[in-house]
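Scroll down for the structure; my scribbles are underneath it.
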Amino acid sequence: MPRTLVTAGTIALPGLIFAGWLIVRAGCSAGPPHATVIDPPLSVENFALTSHTREHVELSDYQGRWVLLFFGFTACPDFCPTTLSELARSLEQLQDAASAVQVLFVSVDTERDSPAKLAEYVAFFHPSFVGLFGSTSEIAAAEHSVAAYHHSHTKPSEEPTIEHTTRVYLLDPAGRMVASYPYGFQAEELTADLRWFLKNAPAVQLEVTVRR
């Protein structure tokens, strides 16, 4: 069972309480076969950012849909493009059911990721993806809501690099965290889990009023 968050650069982060939230049910017939399930689901504090279309966005705006939340940056050489590619493949596999799912990509690179760059980046992977950006404090609040993390540093004669949490968080239509996925998951695994969640989610979760 995962006990630490993994960051770009495979650095384990000490002291985070996220590990204590997780209960693995992989392979359990009573639940999604591949997810790291969070049981009971956790309330996620609302946060506000700006979308790649320059609109004010709050996490609560997406209540009523399943949200896949991922933190990264457009210059990320491997973790981000790999993860976003798998997320896009999963939505394609879901076909019509994909309309119930929203991928949110939060940029942690406040200096280099402009709205235009972010818009081009997310559109490359899937037209429905929403890129989000904000100030340092706004990004920190978004990360804090799910115990995510990033750290920027620069080595002599090298481009700035950012270590960041590579886990994808799944929020239910009520805005609660119900599962997460470590780096390296396959689209087919996520698709199977999303189909399970869409079929087995309690009806009360699906009655949330959509706010956007």
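The values are calculated or read from the model by the stated rules, or taken from the named source; none is laboratory data. Every value quoted in this text rests on a predicted model; they were computed, and no experiment measured them. Please note: Cβ atoms are built from the backbone with ideal geometry, for glycine as well, and neighbour counts cover all protein chains shown.
The residues in the range 77-129 that are farther than 21 Å from THR161 by Cα, hydrophobic (A, V, I, L, M, F, W, C) and without any contact (Cβ under 8 Å) to a residue 40 or more places away in the chain can be counted, and the count is 5.
Okay, residues lined up against (1) modelled with pLDDT of 95 or more; (2) in contact with a His (Cβ under 6 Å, 6 or more places away or on another chain); (3) on the phi > 0 side of the Ramachandran plot; (4) surrounded by fewer than 16 Cβ atoms within 10 Å (Cβ to Cβ):
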| position | (1), (2), (3), (4) |
| --- | --- |
| SER152 | no, no, no, yes |
| LYS155 | no, no, no, yes |
| ILE162 | no, yes, no, no |
| VAL168 | yes, no, no, no |
| MET177 | yes, no, no, no |
| PRO182 | no, no, no, yes |
| GLU188 | yes, no, no, yes |
| LEU198 | no, no, no, yes |
| ALA203 | no, no, no, yes |
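Filtered by the rule that a residue be surrounded by fewer than 20 Cβ atoms within 10 Å (Cβ to Cβ), touching a residue at least 40 places away in the same chain (Cβ under 8 Å), assigned to a strand (DSSP E or B) and not small (Gly, Ala, Ser), the range 40-56 gives PRO41, LEU42, THR50. Checked against (1) of a type in the set (Ser, Thr, Tyr); (2) surrounded by 15 or more Cβ atoms within 10 Å (Cβ to Cβ); (3) under 24 Å from GLU120 (Cβ atoms), THR36 meets all criteria but (3). ASP193 meets all of the listed conditions (1) in contact with a helix residue (DSSP H, G or I) (Cβ under 8 Å, 6 or more places away or on another chain); (2) at pLDDT 80 or above; (3) not β-branched (Val, Ile, Thr) but one, namely (1).
Per the conditions (1) on the phi < 0 side of the Ramachandran plot; (2) outside any helix (DSSP H, G or I), the sole criterion not satisfied by GLY64 is (1).
Restricting attention to the range 100-121, the residues that are charged (D, E, K, R) and modelled with pLDDT under 95 total 4. The residue pairs whose first member lies in the range 137-153 and is assigned to a helix (DSSP H, G or I), whose second member is acidic (Asp, Glu), and whose beta carbons are closer than 6 Å, counting only pairs six or more residues apart or on different chains, are SER145/GLU45.
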